[in-house]
Amino acid sequence: MERYQITIINRDAVFSCKAGQSLLGGVVSQRQKAIDVGCRGGGCGVCKIRIISGDYESKKMSIKHVSADELAEGLALSCRIFPNSDMVIEALD
């Protein structure tokens, strides 16, 4: 199975994510604490990140947590992002 390297630039963290696995799932499976974990299903907004680079697929996100403007700026919920390449992201507090 293909794996992608995910770099979190502001947490000095790197982890790998399997194809078909969400970014949050990848970070949790490797027991890293670089992204805040909430409900894991897009309902709480705790795992919000900024995507700097990389190709990915996205599942639907509530505009309550990620507005259209934020999406255009690269903000997303890590539980709803599935990488198709290596990625660089930034964790938000």
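Where a number appears in this text, it was derived from the coordinates with a stated rule and is not lab data. Only a predicted model underlies this, so the values are computations on that prediction, with no experimental measurement involved. Cβ placement follows ideal geometry from the backbone for every residue including glycine, while neighbour counts extend to all protein chains displayed.
Here are the numbers:
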read-out: Label-to-label distance, nm, for residues given as ARG11 and LEU92 (7 Å Cα→Cβ offset); value: 1.5
read-out: Residue-wise HN-Hα coupling along the stretch 73-80, computed from phi with Karplus coefficients 6.51, -1.76, 1.60 (Hz; x: Gly, Pro); value: 8, x, 7, 7, 9, 5, 6, 10
read-out: Anisotropy class of the stretch 1-49 from Cα gyration tensor, a/c 1.5 cut; value: oblate
read-out: The chain - Cys residues lacking any other Cys C-beta under 4.7 Å; value: CYS17, CYS47, CYS79
read-out: Mean separation of Cα contacts under 8 Å, 6 or more apart, over the residue count of the chain: relative contact order %; value: 38
read-out: Under Karplus coefficients 6.51, -1.76 and 1.60, residue-wise ³J(HN,Hα) of the stretch 17-26 in Hz, glycine/proline x; value: 10, 6, 4, x, 9, 5, 4, 5, x, x
read-out: Ordering of 84-91, 67-74 by packing [mean C-beta count within 10 Å, highest first]; value: 84-91, 67-74
read-out: For the chain, alpha-carbon Rg and Dmax in angstrom; value: 11.7, 35
read-out: Exposure proxy ranking, count of Cβ atoms within 10 Å, fewest first, for TYR4, TYR56; value: TYR56, TYR4
